[in-house]
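Written out below as structure tokens is the structure these notes cover.
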Amino acid sequence: MNLSSPNSNDATRTANRSKSVVPSSGLCSRCVDGCRGNCEVFKSTFRGRELIYPGPFGDITAGGDKEYPVDYSHLNIQGYAFGANGLPEGVTPDPDTARFPAVDTSTEYGWDKKVKMSVPIFTGALGSTEIARKNWEHFAAGAALSGVTLVCGENVCGIDPALELSKDNKVTKAPDMDRRIGAYRKYHRGFGEILIQMNVEDTRLGVAEYIIDKHGIETIELKWGQGAKCIGGEIKVASLDRALELQRRGYIVTPDPSDKINQQAFKSGAIKEFERHSRLGFISEEGFMQEVERLRALGFKRITLKTGAYGLRELAMAIKWCSKAKIDLLTIDGSSGGTGMSPWRMMEEWGMPSIYLHSAALEFASILANNGERVPDLAFAGGFSSEDGVFKALALGAPYVKAVCMGRALMIPGMVGKNIELWMKENDLPKTVSEFGHTPEEIFVNYEKVKDIVGADEIKNVPLGAIGIYSYADKIKVGLQQLMAGARCFNVAAITRKELMSLTDECAKVTGIPYLMDCYRDEALEILNSK
Ligand code: SF4
């Protein structure tokens, strides 16, 4: 099985000259002196380190496309011919009460101060990467209108060109953070929340103090990692002055913009962009507990943790320490998680793939529960884009998984909606859109619903990307209602691991979900052998 082919991928805008490719190296079987391109080695010959990243930065998101021996498609969902669990108390299940639109897809997370969401999904961490910044109004309004949580990622204050710092290098004014919080709150309807992520640099800059003092933000997220990479967040900057400014603010910037040789290479056009990197974290139980205490003392109501595709040791630390520290939500992001900027080969080759990591998380959570310890609410992340994936994640991690974190998939409708707005202005709607009409009212199936929420005057101010996200979240909700109704689960809490079956022995071994020929076998035999 060819799991991943190095040396050519759309992500790095490279391709082999030949159709015949050596699986392990990804080089053409016959490499020709005189080849005019365009594999990664060819392109690295003159663009060097640029080939590490998917591109162009700011205009794309990327997700690893390595095929793993087991993934979520190796699970199928059960459906039943009778019964109904999770209907409101007092409702007698029958064909009139147990209808699929009656399925309640709402969920909540939190140790004791709960946050309720309309649909069990929330955004990935949309931070300092350019694609998040420039589409923010669409993403924020869309998440708020959909009643789901929006995660504002790391480094947003640190890269703000208009940032103002005190003499001791603490944030006193961060207009981009203010804008981001305002955009979500404008359309917030009581479901979901905006929570803000913090890394090493954010901590040093006093971001936690700023967002609670100025905005009264209730939830802050500590970050150990993500699915796409095992180094800190990164962005590119196309200006020497900006690169120098970020270096002065304490970031690692490469190639070193203060180096005269690099400055000359930038001026002559060879170096087109600098990379801004965050530092690696160094977790310890004592440090983790101290930071949680510090944040609680600042007044945060909820503290969440995001961890990445690390191995079993770090996963156990995350689950155990979150239990001890009464963390409100632990998001576990497997590879191949999406990204605005991460090293491509790292995305392809590092870390625990989602289904393996999530299966281990369930196993570890059960160990804690069996020892009488409370398991924090969990969210799974890493490659989800549709309602069946959401259902499978909720079922695989039941009863601890409360929601699914969606990175790239929740960004797409924001970008598509924004572009439809643009295309309409330029009278350039593609056929894929114009076949449904030429106005927002005709094109967006949920336009009238959103208008009803915000009012006839305000609808003119709602960015079309937000209506796009609302429509997509509605599609997830209705699709989930159908899958849940088929599995006779009328609320999220009613979903159990029994609602899944493994299609292969290996999947069963990894997930602990029985092979499909063993699911409900005892019940079947009992029926057959009865008199
Ligand atoms: S240089 Fe050309 S022929 Fe050689 S491996 Fe790359 S694409 Fe193939």
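Within 10 Å of each candidate Cβ there may be at most 12 other Cβ atoms; applying that plus a DSSP loop requirement, which chymotrypsin sites (Phe, Trp or Tyr not before Pro) in segment 17-93 survive?
Phe82
Excluding Val433 itself, calculate the net charge of residues whose Cβ lies under 15 Å from the Cβ of Val433, where each Lys or Arg counts +1 and each Asp or Glu counts -1.
Values: positive: Lys418, Lys425, Lys431; negative: Glu421, Glu426, Asp428, Glu435, Glu441, Glu442.
Charge balance in the 15 Å sphere: -3.
To the nearest 0.05, what FRET efficiency results for Thr432 and Arg36 with a Förster distance of 22 Å applied to their C-beta separation? Walk me through the intermediate numbers first.
Working: r = 34 Å, r/R0 = 1.53.
E(calc), rounded to 0.05, equals 0.05.
Which whole-number percent gives the relative contact order of the chain, counting Cα pairs below 8 Å spaced six or more residues apart? Each step should come with its number before you reach the end.
Numbers: 1052 pairs, mean separation 105.8, N = 531.
With pairs under 8 Å counted, the relative contact order is 20 percent.
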For the chain, just the Cα set please: Rg and Dmax, both in angstrom.
24.3, 89
Under the 7 Å Cα-to-Cβ spin-label approximation, Glu448 and Leu3 lie apart by a distance in nanometres of 5.1
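Counting only protein heavy atoms and a 1.4 Å probe, tell me what percentage of segment 315-391's accessible area is made up of carbon and sulfur. Spell out each step's value before the answer.
Values: 1110 of 2160 Å².
Answer for segment 315-391: carbon and sulfur cover 51 percent of the accessible area.
Would you please give the FRET efficiency between Thr172 and Ser530, computed as 1/(1 + (r/R0)^6) with r the Cβ-Cβ distance and R0 = 56 Å, to the nearest 0.05?
Values: r = 76 Å, r/R0 = 1.35.
E(calc), rounded to 0.05, equals 0.15.
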Along the Cα-to-C-beta direction of Tyr80, a point sits 7 Å from the Cα; which residues of segment 496-524 have their amide N less than 15 Å from that point?
496-501, 519-524
Phi angles of segment 299-316, converted by Karplus (6.51 cos²θ - 1.76 cosθ + 1.60, θ = phi - 60°) into ³J(HN,Hα) in whole Hz with x for Gly and Pro, give x, 5, 7, 9, 10, 10, 10, 10, 10, x, 7, 5, x, 5, 4, 5, 5, 4
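For the chain, what is the calculated [θ] at 222 nm in deg cm²/dmol (nearest 500), taking -39500 (n - 2.57) for each run of four or more DSSP H residues and dividing by its residue count? Spell out each step's value before the answer.
Numbers: 20 runs with 200 residues, N = 531.
Helix-only estimate at 222 nm: -11000 deg cm²/dmol.
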Which is farthest toward the positive dipole end of the chain among Thr339, Thr219, Trp111, measuring Cα position about the Cα centre, with Cβ charges +1 (Lys, Arg) and -1 (Asp, Glu)?
Thr339
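The values are calculated or read from the model by the stated rules, or taken from the named source; none is laboratory data. Computed from a predicted structure; not experimentally measured. FYI the Cβ positions are ideal-geometry reconstructions off the backbone, even for glycines, and counts take in every protein chain you see. Accessible surface is based on the protein model in full, side chains and every heavy atom, while ligands, DNA and RNA are left aside. Shrake-Rupley method; radii C 1.70, N 1.55, O 1.52, S 1.80 Å.
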